[in-house]
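Take a look at the structure set out below.
The numbers here are math on the coordinates, done by the rules we state, and not lab data. This one's a predicted model, so the numbers in the text were calculated from it and none came from an experiment. Counting neighbours? That spans all protein chains shown, and the Cβs are built from the backbone with ideal geometry, glycine included.
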Amino acid sequence: MSFDKRAKDWDRLERRVKNAKNIANIILKHIKLEPNYIIADIGAGTGLLSSFFDGKVKKIIAIDNSVNMLNEFKNKAWKSKIETKKIDLESDNLDIRVDGFISSMTLHHIKDIKTLFKKLYSSLNNGGFIALADLDLEDGSFHSNNSGVYHFGFDFNRLKALAKEAGFREIEIKESRPIQKEREYRVKVLIGKRD
């Protein structure tokens, strides 16, 4: 899947916008944000998820490996300070300190979730959080082309165990609204905190 080629039209699909809003509502319901927080959106794309946190935090760092997606992110009007970083979550170090990580539909594009969780944990300030949304287990039919897809959704209890192993505490799994395509695909949000 070429995210660079799809960046210009990414926000036009209504179900993507609805999904980001549903995920943001879950996160905002369960995470108390502070106005001085710096948060990072991993796999930020054009900023669909980040847009719901705009003005609620001091700064949003958009992390993505697609330059075109990050350019679309930058071209939006933001109240919070923004920074974009082209980072390959598989191979690059994050080199940031933040109060929280948010994410929508990114984890299934990451081969090694265990290593990613360790990177996220070590980049969080004490008391920081993760709120990462992705598909529940599915049969591989969600994407029309599965190149770049390493997981057909997740067993969230397994993700919870990996998060605990990385050091996270107060780990919860919250159900978001499903995505409706030819059929429904369940979406869940993994929430955890660093002591």
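Can you give me the relative contact order of the chain as a percent, contacts being Cα pairs under 8 Å and 6 or more apart?
This gives 20 percent for the chain.
Counting only DSSP beta bridges with both residues in the chain, what percent are antiparallel, rounded to the nearest 5?
If we restrict to bridges inside the chain, about 40 percent are antiparallel.
Just the ratio, please: alpha-carbon radius of gyration of segment 73-176 over 2.2 N^0.38 Å, N its number of residues.
For segment 73-176, the normalised Cα radius of gyration comes out at 1.14.
About the Cα centre, and with charges only on the beta carbon of Lys, Arg (+1) and Asp, Glu (-1), how big is the dipole of segment 97-186? Nearest 20 debye, please.
320 debye
Using the charge dipole of segment 29-138 (Lys, Arg: +1 at Cβ; Asp, Glu: -1 at Cβ; taken about the Cα centre), state which of Gly47, Leu137, Thr106 has its Cα farthest towards the positive end.
Gly47
Go through segment 127-139 residue by residue and turn each phi into a ³J(HN,Hα) via Karplus (6.51, -1.76, 1.60, θ = phi - 60°); whole Hz please, and just put x for glycine and proline.
Taking θ as phi minus 60°, the curve returns x, x, 9, 10, 9, 10, 9, 7, 6, 5, 3, 9, 8 Hz for segment 127-139.
Could you pull out every residue, at least 5 positions away or on a different chain, whose amide H is within less than 5 Å of the one on Met105? Hs are placed 1.01 Å off N in the peptide plane, and Pro or chain starts have none.
Ala133, Asp134
Using the membrane-span-like helix rule (whole DSSP H runs, Cα extent along the own axis of at least 27 Å, mean Kyte-Doolittle hydropathy at least 1.0), which helices of the chain qualify?
none
Which one, (i) 56, 47, 28; (ii) 42, 38, 32; (iii) 73, 38, 28, gives Cα extents along the principal axes in Å as derived from the coordinates shown?
(ii)
Determine the dipole magnitude for segment 130-170: charges of +1 sit on the beta-carbon of Lys and Arg, -1 on that of Asp and Glu, nothing else is charged, the reference point is the Cα centre, and the result goes in debye to the nearest 20.
220 debye
Taking amide H positions as placed in the peptide plane 1.01 Å from N, state which residues far from Ile82 in sequence (5 or more) or on other chains have amide H under 5 Å from it.
Ile60
Sort 139-147, 156-164, 66-74 by the packing proxy (mean of other Cβ within 10 Å over each peptide's residues), most packed first.
With the highest mean Cβ count within 10 Å placed first, the list reads 66-74, 156-164, 139-147.
If you count, for each residue, the other Cβ atoms within 10 Å and average over each peptide, how do 84-94, 42-52, 23-33 line up from highest to lowest?
Highest mean packing first, the order is 42-52, 23-33, 84-94.
List every residue whose amide H lies under 5 Å from the amide H of Phe129, counting only residues 5 or more places away in sequence or on a different chain, with H placed 1.01 Å from N in the peptide plane.
Long-range HN contacts for Phe129: Gly100, Phe101, Arg194.
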